[in-house]
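See structure below.
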Amino acid sequence: MSTNYKVLKSLSNNVVVSKKDNNVYVLLGKGIGFGKKPGELITKGSNIEQKFIKIDDNEKDNYVETVKNVEGKILAITEEIISLAEDTLGEELTSRIHIGLADHISFAMKRIEVGIDIINPFLNEIQTLYSNEYSIAEKGSKIIKEKLNVDFTESEIGFITLHIHSARVNEEVSQSIKYTRIVKEVMEYIQEILGIKANQKSMEYARLVSHLRYALDRIENDKVIKNVMLESIKTQMSEEFEIAKKVCKFLSKELSKEVCEDEVGYISMHIYRLLKQSN
């Protein structure tokens, strides 16, 4: 196997898209792309700053197409943000993010140029559910500001967060948005029926939001966490249990799945704590 990477496109001094043995790689390293022209060869060195990221086979054609259609400087920044995310989280992200995030940043730049401001209706839920990813997205927005002199709003940072999270758990961004929407609607319903305005920064609020998000995964995948306190919850938190039953009826309809009583019980406990904190 060859140790030489043929340059497809130099995106910046530090980022190159290349090909080796019919595979597509993103190469990152200080000065790795300086003066490089398509067709030139780069030999993998021992420089520990260099990263050679292979694009999955089922994504490589789409990525090559993205390289043709998206500005090199935007692609380079996208790769820097992905690299930052992987280094910060200590894990590899799925290849889909190399295409999805590049497209998103490219379209966001065009929206900003013509003065279109997109509102992210799930911003608070995103910040609560995916705080690590949001922190990375904030740093990514600073890279965009530094390199392109464009300010990304909190809403746009929230959307970048969803791309990072989706790449962590290997799901479509649309699925992440769906789950986040459901959580938001449930939280609004619970507060409405309880007649409260919960503190969105409180621990109890964050715990309920987080529980709901992971409950969606469990319900989708038919997983059950046994609730040994179920009978006492029904007795001691009867009002909250009735609210939780309504919540789970909504979740069942949204996901086309049955929700077990154990899950109803856990949600009841979180509703009880939220109500107690709000009084």
* Return a yes/no flag: does region 257-264 have any residue that is of a type outside the set (D, E, K, R), part of a helix (DSSP H, G or I), surrounded by 12 or more Cβ atoms within 10 Å (Cβ to Cβ) and modelled with pLDDT of 95 or more. => yes
* For region 233-251, which residues satisfy the criterion of being more than 15 Å from Y179 (Cβ to Cβ) and open to solvent by less than 40 Å² (accessible area, probe 1.4 Å)? -> I233, M237, E240, F241, I243, A244, C248
* Which condition number in (1) β-branched (V, I, T); (2) under 27 Å from K54 (Cβ atoms); (3) touching a Leu at 6+ places or on another chain (Cβ under 9 Å) is the one that I126 fails? -> (2)
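For every residue, the table says whether it meets (1) part of a helix (DSSP H, G or I); (2) open to solvent by 60 Å² or more (accessible area, probe 1.4 Å); (3) touching a His at 6+ places or on another chain (Cβ under 6 Å); (4) within 21 Å of N14 (Cα to Cα).
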| position | (1), (2), (3), (4) |
| --- | --- |
| A137 | yes, no, no, yes |
| S141 | yes, no, no, yes |
| E146 | yes, yes, no, yes |
| I160 | yes, no, no, no |
| S166 | yes, no, no, no |
| E171 | no, no, no, no |
| I177 | yes, no, no, no |
* Asked: Out of region 76-123, which residues are over 19 Å from I177 (Cα atoms) and among the β-branched types (V, I, T)?
  -> I77, T78, I81, I82, T88, I112, V114, I116
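Residue-by-condition table, conditions (1) more than 23 Å from K142 (Cα to Cα); (2) over 28 Å from the mean Cα position of the chain (by Cα):
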residue: T3; (1), (2): yes, yes
residue: V24; (1), (2): yes, no
residue: D57; (1), (2): yes, no
residue: K60; (1), (2): yes, no
residue: D87; (1), (2): no, no
residue: H98; (1), (2): no, no
residue: L101; (1), (2): no, no
residue: I105; (1), (2): no, no
* Would you pick out the residues in region 96-135 that are within 18 Å of G72 (Cα to Cα) and among the polar types (S, T, N, Q)? -> S106
* To do: Out of the residues in region 179-223 that are outside any helix (DSSP H, G or I) and within 30 Å of T94 (Cα to Cα), state the one that is most open to solvent (accessible area, probe 1.4 Å).
  => K223
* Asked: Which of the residues that make up region 117-135 are open to solvent by 60 Å² or more (accessible area, probe 1.4 Å) and under 18 Å from the mean Cα position of the chain (by Cα)?
  -> I119, P121, S131, N132
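The values are calculated or read from the model by the stated rules, or taken from the named source; none is laboratory data. Fair warning: this is a prediction, and the values are worked out from it, not measured in the lab. Neighbour counts are summed over all protein chains in view; Cβ atoms, including those assigned to glycine, are modelled from backbone coordinates with ideal geometry. Areas reflect the complete protein model, heavy atoms only, side chains present, ligands, DNA and RNA absent. Shrake-Rupley method; radii C 1.70, N 1.55, O 1.52, S 1.80 Å.
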